[in-house]
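Notes to accompany the following structure.
The values are calculated or read from the model by the stated rules, or taken from the named source; none is laboratory data. All of these numbers come straight from a predicted model, not from anything done at the bench. Here the Cβ is made from the backbone with ideal geometry for all residues, glycine too, and neighbour counts use every protein chain on show. All accessible areas refer to the heavy atoms of the entire protein, side chains included, with ligands and DNA or RNA removed. Shrake-Rupley method; radii C 1.70, N 1.55, O 1.52, S 1.80 Å.
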Amino acid sequence: MNITICFDKLDPAPWVQGVQAALPQARVSAWAPGAPSADLAIVWAPPQQFVDEQTGLQALFNIGAGVDALLQLRLPPALKVVRLDDAGMSVQMAEYVCHAVIRHFREFDGYDADTQAGKWSYRRPRSRADFAVGVMGLGVLGERVAKALQVFDFPVNGYSRSARQIDGVRCFAGPGQLNDFLKATRILVNLMPLTPETENILNRQTLSRLQRGGYLINVARGRHLVEQDLIALIDEDHLAGAMLDVFRTEPLPAEHPFWRHPKITVTPHTSARTLRDESIAQIVGKILALQRGEPIRGVVDPQRGY
Ligand code: NAP
Ligand code: GLV
(Lines give C-alpha, C1' and ligand atoms only; values in the text may rest on other atoms or scores of the structure.)
(Ligands and ions follow the chains in the order given, each with its own letter.)
Protein backbone atom coordinates (compact mmCIF):
# COMPACT_ATOMS: atom_id res chain seq x y z
CA MET A 1 0.00 0.00 0.00
CA ASN A 2 1.37 3.44 -1.02
CA ILE A 3 0.35 6.50 0.97
CA THR A 4 1.10 10.03 -0.17
CA ILE A 5 0.94 13.11 2.04
CA CYS A 6 0.21 16.58 0.63
CA PHE A 7 -0.22 19.66 2.84
CA ASP A 8 -0.59 23.34 2.11
CA LYS A 9 1.81 25.36 4.34
CA LEU A 10 2.63 22.52 6.76
CA ASP A 11 5.74 20.35 6.88
CA PRO A 12 4.74 16.79 5.94
CA ALA A 13 7.98 15.22 7.29
CA PRO A 14 6.80 14.41 10.87
CA TRP A 15 3.56 13.00 9.44
CA VAL A 16 5.43 10.80 6.98
CA GLN A 17 7.51 9.51 9.87
CA GLY A 18 4.52 8.99 12.19
CA VAL A 19 2.31 7.22 9.62
CA GLN A 20 5.25 5.07 8.49
CA ALA A 21 5.97 4.02 12.09
CA ALA A 22 2.32 3.08 12.62
CA LEU A 23 2.04 1.24 9.28
CA PRO A 24 5.45 -0.41 8.67
CA GLN A 25 4.01 -2.50 5.84
CA ALA A 26 3.05 0.63 3.83
CA ARG A 27 5.22 2.96 1.75
CA VAL A 28 4.64 6.51 2.96
CA SER A 29 6.05 9.59 1.25
CA ALA A 30 5.50 13.32 0.85
CA TRP A 31 3.90 14.22 -2.49
CA ALA A 32 5.90 16.04 -5.15
CA PRO A 33 4.56 17.02 -8.59
CA GLY A 34 4.94 14.15 -11.05
CA ALA A 35 5.10 11.43 -8.36
CA PRO A 36 3.39 8.13 -9.32
CA SER A 37 -0.12 7.72 -7.95
CA ALA A 38 -0.52 6.30 -4.45
CA ASP A 39 -3.45 4.23 -3.12
CA LEU A 40 -4.35 6.55 -0.25
CA ALA A 41 -3.65 10.19 0.56
CA ILE A 42 -3.47 12.29 3.70
CA VAL A 43 -4.09 15.94 2.82
CA TRP A 44 -4.79 19.49 3.87
CA ALA A 45 -5.92 21.90 1.13
CA PRO A 46 -4.00 20.16 -1.68
CA PRO A 47 -3.75 21.83 -5.11
CA GLN A 48 -5.91 20.68 -8.03
CA GLN A 49 -2.69 19.37 -9.65
CA PHE A 50 -2.38 16.83 -6.83
CA VAL A 51 -5.86 15.41 -7.48
CA ASP A 52 -5.37 15.45 -11.25
CA GLU A 53 -2.12 13.49 -11.01
CA GLN A 54 -3.09 11.03 -8.25
CA THR A 55 -5.58 9.10 -10.34
CA GLY A 56 -5.27 5.79 -8.46
CA LEU A 57 -6.42 7.03 -5.05
CA GLN A 58 -9.12 5.09 -3.20
CA ALA A 59 -9.48 7.52 -0.31
CA LEU A 60 -8.39 10.98 0.81
CA PHE A 61 -7.97 11.57 4.55
CA ASN A 62 -8.35 15.25 5.48
CA ILE A 63 -6.34 16.33 8.54
CA GLY A 64 -9.07 18.69 9.67
CA ALA A 65 -12.77 18.52 10.48
CA GLY A 66 -13.81 20.99 7.78
CA VAL A 67 -13.65 19.79 4.17
CA ASP A 68 -14.74 23.00 2.44
CA ALA A 69 -11.32 23.60 0.80
CA LEU A 70 -11.19 20.01 -0.41
CA LEU A 71 -14.70 20.03 -1.87
CA GLN A 72 -13.85 23.09 -3.96
CA LEU A 73 -11.54 20.89 -6.05
CA ARG A 74 -12.70 18.75 -8.98
CA LEU A 75 -12.65 15.34 -7.30
CA PRO A 76 -13.41 12.01 -9.00
CA PRO A 77 -17.00 11.14 -7.94
CA ALA A 78 -16.00 7.71 -6.59
CA LEU A 79 -13.18 9.04 -4.39
CA LYS A 80 -13.92 8.55 -0.68
CA VAL A 81 -13.25 11.71 1.36
CA VAL A 82 -12.77 11.17 5.09
CA ARG A 83 -12.55 13.99 7.62
CA LEU A 84 -11.16 14.05 11.14
CA ASP A 85 -13.75 13.00 13.64
CA ASP A 86 -12.86 14.85 16.87
CA ALA A 87 -9.29 13.50 17.32
CA GLY A 88 -8.84 15.80 20.33
CA MET A 89 -10.55 18.82 18.78
CA SER A 90 -13.85 18.78 20.67
CA VAL A 91 -12.27 19.35 24.09
CA GLN A 92 -10.25 22.27 22.68
CA MET A 93 -13.38 23.74 21.13
CA ALA A 94 -15.25 23.36 24.43
CA GLU A 95 -12.40 25.18 26.25
CA TYR A 96 -12.35 28.01 23.71
CA VAL A 97 -16.11 28.58 23.64
CA CYS A 98 -16.59 28.29 27.42
CA HIS A 99 -13.72 30.76 27.83
CA ALA A 100 -15.32 33.19 25.37
CA VAL A 101 -18.79 32.89 26.91
CA ILE A 102 -17.55 33.29 30.48
CA ARG A 103 -15.17 36.12 29.59
CA HIS A 104 -18.07 38.02 28.05
CA PHE A 105 -20.68 37.14 30.68
CA ARG A 106 -18.40 37.95 33.63
CA GLU A 107 -17.08 41.12 31.93
CA PHE A 108 -13.45 40.11 32.32
CA ASP A 109 -12.32 42.51 29.58
CA GLY A 110 -13.82 45.37 31.63
CA TYR A 111 -12.10 44.11 34.79
CA ASP A 112 -8.81 43.90 32.84
CA ALA A 113 -9.17 47.51 31.73
CA ASP A 114 -9.96 48.59 35.31
CA THR A 115 -7.01 46.76 36.84
CA GLN A 116 -4.66 48.08 34.14
CA ALA A 117 -5.77 51.54 35.30
CA GLY A 118 -5.12 50.58 38.94
CA LYS A 119 -8.87 50.70 39.66
CA TRP A 120 -10.50 48.37 42.24
CA SER A 121 -14.10 48.31 41.05
CA TYR A 122 -17.09 45.98 41.02
CA ARG A 123 -19.60 45.34 38.28
CA ARG A 124 -23.16 44.31 39.08
CA PRO A 125 -23.58 40.49 38.85
CA ARG A 126 -25.58 39.48 35.78
CA SER A 127 -28.13 36.70 35.60
CA ARG A 128 -27.04 33.77 33.44
CA ALA A 129 -30.71 33.14 32.68
CA ASP A 130 -30.46 36.29 30.50
CA PHE A 131 -27.50 34.87 28.54
CA ALA A 132 -28.90 31.94 26.60
CA VAL A 133 -26.20 30.46 24.38
CA GLY A 134 -27.20 29.15 20.95
CA VAL A 135 -24.92 26.61 19.29
CA MET A 136 -25.34 26.49 15.50
CA GLY A 137 -24.21 23.05 14.39
CA LEU A 138 -24.70 20.14 16.77
CA GLY A 139 -22.17 17.74 15.28
CA VAL A 140 -19.06 16.28 16.87
CA LEU A 141 -17.82 19.68 18.05
CA GLY A 142 -21.13 21.49 18.61
CA GLU A 143 -22.61 18.78 20.82
CA ARG A 144 -19.50 18.73 23.02
CA VAL A 145 -19.61 22.52 23.31
CA ALA A 146 -23.33 22.50 24.18
CA LYS A 147 -22.72 19.95 26.95
CA ALA A 148 -19.72 21.88 28.30
CA LEU A 149 -21.80 25.08 28.54
CA GLN A 150 -24.49 23.26 30.52
CA VAL A 151 -21.92 22.63 33.27
CA PHE A 152 -21.96 26.41 33.92
CA ASP A 153 -25.79 26.47 34.02
CA PHE A 154 -26.22 28.67 30.93
CA PRO A 155 -29.50 28.02 29.10
CA VAL A 156 -28.38 26.26 25.88
CA ASN A 157 -30.17 26.20 22.51
CA GLY A 158 -28.99 24.17 19.54
CA TYR A 159 -29.57 24.41 15.80
CA SER A 160 -28.86 21.73 13.21
CA ARG A 161 -29.92 20.65 9.75
CA SER A 162 -31.82 17.57 10.84
CA ALA A 163 -33.71 17.28 14.13
CA ARG A 164 -31.53 16.40 17.14
CA GLN A 165 -32.26 15.60 20.77
CA ILE A 166 -29.69 16.45 23.43
CA ASP A 167 -30.62 16.33 27.12
CA GLY A 168 -31.12 19.82 28.51
CA VAL A 169 -30.59 21.53 25.14
CA ARG A 170 -33.53 23.26 23.43
CA CYS A 171 -33.07 21.97 19.89
CA PHE A 172 -34.19 23.66 16.67
CA ALA A 173 -33.71 22.30 13.16
CA GLY A 174 -33.87 23.52 9.59
CA PRO A 175 -34.42 26.96 8.06
CA GLY A 176 -38.07 26.99 9.24
CA GLN A 177 -36.89 27.11 12.88
CA LEU A 178 -33.86 29.39 12.43
CA ASN A 179 -35.68 32.59 13.46
CA ASP A 180 -37.05 31.02 16.64
CA PHE A 181 -33.58 29.71 17.49
CA LEU A 182 -32.02 33.17 17.01
CA LYS A 183 -34.75 34.95 18.96
CA ALA A 184 -34.18 32.59 21.89
CA THR A 185 -30.41 33.23 21.83
CA ARG A 186 -28.15 35.97 23.19
CA ILE A 187 -24.69 34.47 22.66
CA LEU A 188 -24.39 32.77 19.27
CA VAL A 189 -21.71 30.13 18.64
CA ASN A 190 -21.16 29.07 15.04
CA LEU A 191 -20.00 25.48 14.56
CA MET A 192 -21.53 24.60 11.21
CA PRO A 193 -19.54 23.38 8.21
CA LEU A 194 -19.11 25.84 5.33
CA THR A 195 -21.45 24.71 2.55
CA PRO A 196 -23.45 26.54 -0.14
CA GLU A 197 -26.37 26.56 2.36
CA THR A 198 -24.38 28.08 5.23
CA GLU A 199 -22.14 30.57 3.41
CA ASN A 200 -22.95 34.15 4.58
CA ILE A 201 -25.56 32.81 7.00
CA LEU A 202 -24.33 35.21 9.70
CA ASN A 203 -25.55 38.47 8.18
CA ARG A 204 -27.49 41.58 9.16
CA GLN A 205 -30.83 39.83 8.87
CA THR A 206 -29.93 36.80 11.01
CA LEU A 207 -27.65 38.54 13.53
CA SER A 208 -30.20 41.28 14.17
CA ARG A 209 -32.68 38.61 15.30
CA LEU A 210 -30.45 37.79 18.29
CA GLN A 211 -31.59 39.20 21.60
CA ARG A 212 -30.44 42.77 22.24
CA GLY A 213 -26.90 42.83 23.58
CA GLY A 214 -26.13 39.70 21.55
CA TYR A 215 -22.61 38.36 21.16
CA LEU A 216 -21.08 36.28 18.38
CA ILE A 217 -18.45 33.55 18.71
CA ASN A 218 -17.41 32.34 15.25
CA VAL A 219 -15.19 29.27 15.39
CA ALA A 220 -16.25 27.58 12.15
CA ARG A 221 -15.30 29.41 8.95
CA GLY A 222 -14.83 33.06 8.00
CA ARG A 223 -17.11 32.81 4.97
CA HIS A 224 -20.10 32.13 7.22
CA LEU A 225 -19.97 35.77 8.32
CA VAL A 226 -20.70 38.97 6.40
CA GLU A 227 -18.02 40.93 8.21
CA GLN A 228 -19.31 44.47 7.54
CA ASP A 229 -22.78 43.49 8.86
CA LEU A 230 -21.24 42.40 12.16
CA ILE A 231 -19.32 45.67 12.54
CA ALA A 232 -22.44 47.72 11.72
CA LEU A 233 -24.59 45.86 14.28
CA ILE A 234 -21.95 46.29 17.00
CA ASP A 235 -21.52 49.98 16.18
CA GLU A 236 -25.32 50.41 16.31
CA ASP A 237 -25.23 48.80 19.79
CA HIS A 238 -27.52 45.97 18.77
CA LEU A 239 -24.70 43.52 19.41
CA ALA A 240 -22.31 43.79 22.35
CA GLY A 241 -19.30 42.33 20.53
CA ALA A 242 -17.72 39.22 19.13
CA MET A 243 -14.89 36.75 19.58
CA LEU A 244 -13.68 35.52 16.20
CA ASP A 245 -11.25 32.73 15.38
CA VAL A 246 -11.82 32.46 11.62
CA PHE A 247 -11.89 35.03 8.83
CA ARG A 248 -12.70 35.39 5.15
CA THR A 249 -9.00 36.06 4.53
CA GLU A 250 -6.44 34.29 6.72
CA PRO A 251 -4.08 35.50 8.04
CA LEU A 252 -6.30 38.47 8.85
CA PRO A 253 -4.86 41.40 6.81
CA ALA A 254 -3.01 44.02 8.90
CA GLU A 255 -5.42 46.79 7.84
CA HIS A 256 -8.58 44.82 8.72
CA PRO A 257 -10.86 46.74 11.13
CA PHE A 258 -11.38 43.64 13.33
CA TRP A 259 -7.83 44.01 14.69
CA ARG A 260 -8.54 47.36 16.30
CA HIS A 261 -12.26 47.19 17.09
CA PRO A 262 -12.63 47.60 20.88
CA LYS A 263 -15.52 45.12 21.06
CA ILE A 264 -14.02 42.40 18.88
CA THR A 265 -11.49 39.85 20.06
CA VAL A 266 -9.47 38.08 17.40
CA THR A 267 -7.58 34.78 17.61
CA PRO A 268 -5.56 33.22 14.74
CA HIS A 269 -7.66 30.15 13.76
CA THR A 270 -6.53 28.27 16.80
CA SER A 271 -9.70 27.28 18.65
CA ALA A 272 -9.28 23.56 17.87
CA ARG A 273 -5.92 22.55 16.43
CA THR A 274 -5.17 19.31 14.64
CA LEU A 275 -3.19 17.19 17.11
CA ARG A 276 -0.69 15.14 15.13
CA ASP A 277 -0.43 11.99 17.23
CA GLU A 278 -4.18 11.68 17.82
CA SER A 279 -4.90 12.37 14.15
CA ILE A 280 -2.37 9.83 12.87
CA ALA A 281 -3.78 7.21 15.25
CA GLN A 282 -7.32 7.93 13.99
CA ILE A 283 -6.39 7.88 10.29
CA VAL A 284 -4.30 4.71 10.62
CA GLY A 285 -7.17 3.04 12.51
CA LYS A 286 -9.51 3.95 9.66
CA ILE A 287 -7.09 2.71 6.98
CA LEU A 288 -6.88 -0.65 8.75
CA ALA A 289 -10.67 -0.78 9.18
CA LEU A 290 -11.17 -0.10 5.44
CA GLN A 291 -8.71 -2.90 4.63
CA ARG A 292 -10.83 -5.25 6.75
CA GLY A 293 -13.92 -4.04 4.89
CA GLU A 294 -15.41 -2.41 8.01
CA PRO A 295 -17.42 0.85 8.01
CA ILE A 296 -15.68 3.99 9.31
CA ARG A 297 -16.90 7.30 10.74
CA GLY A 298 -16.32 10.67 9.12
CA VAL A 299 -16.97 9.79 5.47
CA VAL A 300 -18.04 13.02 3.77
CA ASP A 301 -21.23 13.21 1.74
CA PRO A 302 -20.30 15.48 -1.20
CA GLN A 303 -23.98 16.28 -1.88
CA ARG A 304 -24.46 17.63 1.68
CA GLY A 305 -21.03 19.29 1.57
CA TYR A 306 -19.86 17.94 4.95
P1 NAP B 1 -20.03 17.83 11.97
O2 NAP B 1 -19.85 16.76 12.98
O3 NAP B 1 -20.16 17.47 10.55
O4 NAP B 1 -21.28 18.71 12.43
C5 NAP B 1 -21.85 19.67 11.63
C6 NAP B 1 -23.14 20.17 12.26
O7 NAP B 1 -23.62 21.29 11.51
C8 NAP B 1 -24.25 19.10 12.25
O9 NAP B 1 -25.02 19.19 13.42
C10 NAP B 1 -25.09 19.53 11.04
O11 NAP B 1 -26.46 19.15 11.10
C12 NAP B 1 -24.97 21.03 11.13
N13 NAP B 1 -25.28 21.65 9.84
C14 NAP B 1 -24.73 21.40 8.62
N15 NAP B 1 -25.32 22.13 7.68
C16 NAP B 1 -26.30 22.84 8.28
C17 NAP B 1 -27.29 23.76 7.84
N18 NAP B 1 -27.39 24.10 6.55
N19 NAP B 1 -28.13 24.27 8.74
C20 NAP B 1 -28.05 23.91 10.05
N21 NAP B 1 -27.13 23.05 10.55
C22 NAP B 1 -26.27 22.53 9.67
O23 NAP B 1 -18.80 18.86 12.04
P24 NAP B 1 -17.81 19.16 13.27
O25 NAP B 1 -16.75 18.13 13.36
O26 NAP B 1 -18.64 19.42 14.48
O27 NAP B 1 -17.12 20.52 12.76
C28 NAP B 1 -17.89 21.65 12.44
C29 NAP B 1 -17.05 22.72 11.74
O30 NAP B 1 -16.15 23.33 12.66
C31 NAP B 1 -16.12 22.20 10.64
O32 NAP B 1 -16.81 21.99 9.43
C33 NAP B 1 -15.08 23.30 10.54
O34 NAP B 1 -15.47 24.25 9.58
C35 NAP B 1 -15.11 23.94 11.92
N36 NAP B 1 -13.83 23.74 12.65
C37 NAP B 1 -13.11 24.84 13.01
C38 NAP B 1 -11.93 24.69 13.72
C39 NAP B 1 -11.12 25.87 14.18
O40 NAP B 1 -10.02 25.71 14.66
N41 NAP B 1 -11.64 27.07 14.07
C42 NAP B 1 -11.50 23.40 14.07
C43 NAP B 1 -12.26 22.31 13.69
C44 NAP B 1 -13.44 22.50 12.98
P45 NAP B 1 -26.92 17.59 11.16
O46 NAP B 1 -26.66 17.18 12.60
O47 NAP B 1 -28.35 17.64 10.82
O48 NAP B 1 -26.04 16.87 10.17
C1 GLV C 1 -9.91 23.41 11.24
O2 GLV C 1 -10.31 24.49 10.96
C3 GLV C 1 -10.56 22.18 10.89
O4 GLV C 1 -11.47 22.20 10.04
O5 GLV C 1 -10.16 21.13 11.44
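Where in segment 171-221 are there chymotrypsin sites (Phe, Trp or Tyr not before Pro) that are in a DSSP coil and have at most 13 other Cβ atoms within 10 angstrom of their Cβ? The qualifying sites: there are none.
Restricting the chymotrypsin sites (Phe, Trp or Tyr not before Pro) of segment 94-147 to loop positions (DSSP other than H, G, I, E, B) with no more than 14 neighbouring Cβ atoms within 10 Å leaves W120, Y122.
Report, in debye and to the nearest 20, how large the dipole of the chain comes out about its Cα centre when Lys and Arg carry +1 and Asp and Glu carry -1 on their Cβ.
620
Computed extension length for Q150-A30: 38.9 nm, one decimal, from 0.36 nm per residue of separation with the Cα-Cα distance subtracted.
Taking the Cα centre of segment 89-266 as origin and assigning +1 to Lys and Arg Cβ atoms and -1 to Asp and Glu Cβ atoms, the resulting dipole is close to 420 debye.
In the chain, once you exclude exposed GluC sites (Glu not before Pro) (DSSP loop, at most 13 other Cβ within 10 angstrom), what's the longest stretch remaining? Here the longest run is 1-196. In this label model, H269 and D112 are separated by 2.3 nm, measuring between points 7 Å along each Cα→Cβ vector.
Each other residue within a Cβ distance under 15 Å of P155 adds +1 if Lys or Arg and -1 if Asp or Glu, for a net charge of +2. Modelled spin-label separation between Q165 and A281, with each label point placed 7 Å from Cα along the Cα-to-Cβ direction: 3.3 nm. A simple count of charges around I3, restricted to other residues whose Cβ falls under 10 Å of its Cβ and scoring Lys, Arg +1 and Asp, Glu -1, yields 0.
Working from label points 7 Å from Cα in the Cα-to-Cβ sense, the A13 to K183 distance is 5.9 nm.
Here the Karplus curve 6.51 cos²θ - 1.76 cosθ + 1.60, taken at θ = phi - 60°, turns the phi angles of segment 192-201 into couplings of 9, x, 7, 9, x, 6, 9, 4, 6, 6 Hz, with x standing for Gly and Pro. A Förster radius of 25 Å, combined with the Cβ-Cβ distance separating Q205 from E250, puts the computed FRET efficiency at roughly 0.50. Here the calculated FRET efficiency for T55 and V299, from their Cβ-Cβ distance with R0 = 25 Å, stands at 0.75, rounded to the nearest 0.05. Local charge for L290 was computed over the other residues whose Cβ lies under 15 Å away, with Lys and Arg +1 and Asp and Glu -1, and equals +2. Annotation: per residue accessible area for the chain equals 50 Å², rounded to a whole number [probe 1.4 Å, protein chains only]. If you roll a 1.4 angstrom probe over the protein chains with everything in place, what fraction of the accessible area of the chain belongs to carbon and sulfur, to the nearest %? C and S fraction of accessible area: 51 percent.
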